[in-house]
Amino acid sequence: MSSNRSRRYLAFGAAVATSALAAFGGAPAAQASHSGNGNGVLTTANGGIFVNGTLLASGATTNEISWTADGSRALYVRNGQVVTSRWDATDAGNPQVIVGAPAAGAERAHPSWLGLDSNGVVWAERASATDPWQLWTAGGNPYCCMAAPDTISLQSSTAGPLTAGDGYDYTYPDGGDGSVLVFQRQSRLAGSTPEVWVYNPKANPTMRKVVGNASHPALSPDGTKVAFVRPAGTGSNQQVFTSDLSGGNVVQVTDTPAAAAGPDNHDFPSWSPNGQTLAFRNQSGGVETAAANGSAQLTHTALPGITGTPFYRSQTRESVTRISGSSRYATAAAVSAYRWATTTNPADPRPTADAVVLSRSDTFADALGGGALAGAKQGPLLMTSPTVLDGTTAAEIDRVLDPGGRIYLLGGTGAISLAIETGLLAKGYEVERLQGANRFDTSIAIANKINPNPDVVITATGANFPDALAAGAAAGAYNTPGGPKSAVVLLTSDNVLPAATKTYLDAWTVATGQKPYAVGVQAANALAPYAPIAMAGADRYQTAALVAYRFFPNMKVASLATGANWPDALAGGALMGVLGGPLLLTPGTGDVNKYSAYLLNISSGSVSEVLIFGGAGSVATTNDDQLGKLISGPGLYDKH
């Protein structure tokens with residue numbers, strides 16, 4: 001089972017109906033990735049999890065494991081449940097359950113992560129000892145719901161069969177580059193031999209055979225080859241081979257010396273993260289390695305004191321990046337600079353902004369829908385005082401936009417003065433003002449600019465900022481140009497639905513037949529007649545975590561801002577909509593909020609970077625290391 005992968009994430013696809021993205025209606029994934037895989041560390045499973053022969057987790061009673069791409073989480077079957085625990089085994093005695101216990105008499109084996117960033121899991125299961133083995137899949141994280149006011153309650157992910165019950169045995173799945181899955185298939189008729197098959201729904205919706213007379217497949221880190229075992233050579237011992245996914249270019253990796261006395265089988269191959277080495281189990285249960293190119297067929301490297309089934313674990317390093325400035329204007333400009341290129345520098349590798357969203361800096365009322373707009377228009381959200389354009393903001397506009405670039409002003413002239421608008425026009429920018437009679441009408445004007453007929457509507461109270469800003473990051477992630485869906489944020493007046501918002505929702509629900517989302521208790525109450533899909537926590541921190549869990553089940557990048565004030569979260573949330581990751585909140589002066597911490601911990605297999613918005617006065621510097629430890633594996637993390 002290839003437990004470590006150095007390739008970028010590709011969604012497993014709609015063919016797996018029980019994937020987390022399908023289950024939760026998640027927003028598009030961010031484009032961050034883990035780095036620095038190297039050759040990894042060899043681990044084994046032999047009744048427990050061992051690292052270089054040393055017992056790591058006695059509580060993880062298993063003979064098979066699969067590691068996330070960053071090495072931060074192990075996946076295994078424990079008491080029939082599909083579970084995951086941290087790389088350091090701190091929770092091995094009480095692992096996170098992804099799929100609960102099967103029906104009485106059923107068996108599970110051979111678990112593997114699906115996708116580079118663990119967007120799902122796959123395993124073999126049979127209803128009884130006499131029934132055929134089938135492949136089953138589920139989302140890579142447990143299902144999240146509200147069950148108590150002070151917890152994020154997790155239930156088992158919904159599981160379902162991937163293979164049809166055709167009488168064949170399907171075993172040893174290995175999920176690779178998101179859209180690729182290799183597995184063993186064998187007829188139950190006497191005298192049959194196993195075969196290695198591949199399923200790549202993005203390339204071909206039909207499962208097909210790769211090689212015959214082959215077992216124990218393991219997909220290479222780049223997703224182009226498969227290692228397998230078949231009898232060959234002296235004594236027809238089981239030997240390790242590789243081939244490409246078409247079944248061609250077969251290479252023998254191991255062999256048995258002609259003078260060998262007795263059996264000399266090799267099985268259970270596992271690729272190193274760099275794809276250059278294969279580890280495998282030998283006849284006596286020990287572990288050996290050999291070059292994957294077949295150059296050491298008779299000169300395997302034995303690893304003294306290491307026994308069991310081998311699985312490489314990656315040593316990637318994650319990142320924690322703090323983005324801040326000396327003022328709210330400077331922080332917003334720094335957030336912009338993190339993403340957007342300087343237009344006068346053709347060598348700048350960052351993408352070019354298509355627009356700027358400009359909001360007032362003294363109150364959040366008109367800006368709450370701005371994050372979704374920034375995602376749709378692909379540009380930063382900056383701030384200014386209502387009457388005079390802030391100098392830092394003016395400089396950042398000039399840096400990211402050429403003359404003729406478009407600037408969206410949020411609110412009427414009382415929010416951003418006519419003088420500011422006139423000045424921007426004089427500099428050659430195209431200026432468009434989005435406004436309404438109040439914050440609720442303004443949110444509708446912003447929504448109509450994003451898409452008059454959106455696929456997704458997310459609502460939050462407009463009387464405060466936290467829920468709407470978390471919602472804005474989720475909506476912004478949908479609004480990637482050319483993406484399959486669009487999303488908008490509408491506001492409620494706490495528990496009351498304003499007339500304009502009601503008119504909008506009445507028309508939208510009839511036209512689409514969909515339910516709106518409600519973020520926070522107030523929005524859920526206001527939208528009760530629509531039976532909304534609600535994410536309502538006990539406080540702003542839990543609500544933000546619930547939003548993140550529902551919309552970003554396989555987040556690659558996440559962020560943290562203080563929940564005690566809004567400017568940093570406003571600018572940061574707009575960026576997260578562009579990056580495709582959630583905005584999480586924390587009180588700021590203490591430890592990372594428990595809901596944010598818990599979510600990042602269980603998502604560590606996919607998260608490669610956390611952004612912190614604001615300086616030490618907004619989010620305590622102790623949070624940097626706390627976040628790094630939450631998301632990292634044994635390769636740990638860098639702070640920027």
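Answer rounded, prolate or oblate for the range 318-639, using the Cα gyration tensor with square roots of eigenvalues a ≥ b ≥ c: rounded when a/c is under 1.5, else prolate when a/b is larger than b/c, else oblate.
Numbers: a/c = 1.57, a/b = 1.04, b/c = 1.51.
Because a/c hits 1.5 or more and a/b fails to exceed b/c, the range 318-639 counts as oblate.
For a quick check of your reading of the filter: which trypsin sites (Lys or Arg not before Pro) in the range 481-553 sit in a DSSP loop and have no more than 16 other Cβ atoms within 10 Å?
Values: sites: 485, 502, 540, 550; in loops: 485.
Those that pass, being in a loop and sparsely packed, are 485.
In the chain, helical runs assigned H by DSSP with n ≥ 4 each contribute -39500 (n - 2.57); averaged across all residues and rounded to the nearest 500, the mean residue ellipticity at 222 nm is -6000 deg cm²/dmol. When the charge dipole of the chain is built from unit charges on Cβ atoms (+1 for Lys and Arg, -1 for Asp and Glu) and taken about the Cα centre, the candidate among 42, 175, 545 whose Cα reaches farthest toward its positive end is 175. Only lysine pairs 8 or more places apart, or on different chains, with alpha-carbon atoms under 22 angstrom apart are counted in the chain, and they number 20. Among 406, 322, the order by Cβ neighbours within 10 angstrom, fewest to most, reads 406, 322. Once C-alpha pairs closer than 8 Å and six or more residues apart are averaged by separation and normalised to the residue number of the range 318-639, the relative contact order reads 21 percent.
Every read-out reported here was derived from the displayed coordinates using simple, explicitly stated rules and does not represent laboratory data. The structure displayed is predicted, hence computed values, not measured ones. All Cβ positions, glycine included, derive from the backbone under ideal geometry; neighbour counts span all protein chains shown.
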